[in-house]
Every structure is written in structure tokens, then in C-alpha cells.
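In what follows, a structure is listed as C-alpha cells, so that the remarks can point back to it.
The values are calculated or read from the model by the stated rules, or taken from the named source; none is laboratory data. In this text, all values refer to a predicted model and were calculated from it rather than measured experimentally. No Cβ is skipped: glycine too gets one built from the backbone with ideal geometry, and neighbour counts run over all protein chains shown. Just so you know, the surface numbers come from the protein's heavy atoms only, side chains and all, with ligands and any DNA or RNA stripped out. Shrake-Rupley method; radii C 1.70, N 1.55, O 1.52, S 1.80 Å.
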Amino acid sequence: MKLRAAVITDNLKLAQWQLDALEAANEELDVVCILNCLNTKIHRNVIKHFFYYFISFISLRNKKTQSLDYEVENAEVISFESGYIKNWQTIPNDVINQLLKTKVEVVIKFGMNLVKIDETLDELNLISFHHG
């Protein structure tokens, strides 16, 4: 029996490596919901972290990191604007309530930055992938 899953995206986009990971788990997961964040802000201090961005530019920019459209047939898409508490993003309560109604067992976080998880999501398994 497949796990009911939700995927967090930014603007319904995923990198090729993320799509590949979902494809590899296809026999284990049934993606029934996409949480689509519309306002993720990426604060880059290029001067302070110059060498990181330089290495990233020459080594991480390839076919696998290319951003592509993500859609799943029959998956409910819940688009929302996150709140912010300093550098942490928050998922609005109405979105959390919608998510809980889908009875997902696992949430796979590809989108958003740092997410503040409150106690209403404690019962869900959250997997957060990072390219690094």
C-alpha cells in the first residue's frame, strides 16, 4: 500500500533531481496534495559568501538543478503565501487544516526555506531534502 504524500513546492517548480527522487519513490508514494508556496524570498549576501556562490555556480549548475514545472494528475494543489517570523517561513493555519483533511502520511519539503513547524503538524512525517 502506498503512502499518501504531499509535496511542498515554490511556484509549482522542482529541480530535475527532485523530480527524479519522486520518480524513484513512485511505487511507494501516492502524491495526493501539492502545497505551493507563492512568496519564498531568498536573501543572498553574495559579497559575504562569494566563494560559496562561485563554487555553486561552477559545480551545481547543471541539468539536474534546472527548475521545471511540477504537476501531478489528480493531486490537489493548495497555493498559499507563507508568513515570516524573521528568517523562518510559516504555513498558514487554513492551509494546515486543508492539508490535514487530505489524510497524508508524509510531507516532502522541496520548496520554501526554513519552515517553522508548529504542533498541528507534529503528527505528520516531514522529509526535507537539501541539495547540499
Answer yes or no: is there a residue in the stretch 25-43 that is in a helix (DSSP H, G or I), exposed (fewer than 14 other Cβ atoms within 10 Å of the Cβ) and either on the phi > 0 side of the Ramachandran plot or not hydroxyl-bearing (Ser, Thr, Tyr) (or both).
no
Glu81 passes all but one of (1) at pLDDT 95 or above; (2) more than 14 Å from the chain's Cα centre (by Cα); which number fails?
(2)
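Could we say that Leu126 is open to solvent by 20 Å² or more (accessible area, probe 1.4 Å) and outside any strand (DSSP E or B) here? Working first, answer last.
Numbers: open to solvent by 20 Å² or more (accessible area, probe 1.4 Å): yes; outside any strand (DSSP E or B): no.
So Leu126 fails the test.
Considering only the stretch 69-103, state which residues are acidic (Asp, Glu) and surrounded by 13 or more Cβ atoms within 10 Å (Cβ to Cβ).
Residues of the stretch 69-103 acidic (Asp, Glu): 69, 71, 73, 76, 81, 94.
Selection gives Glu76 alone.
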Restricting attention to the stretch 39-46, does a residue exist that is modelled with pLDDT under 95 and closer than 15 Å to Arg4 by Cβ?
no
Neighbours by Cβ (under 6 Å, 6+ apart or cross-chain): first from the stretch 109-129, within 15 Å of Ile85 (Cβ to Cβ); second part of a strand (DSSP E or B) and charged (D, E, K, R):
none
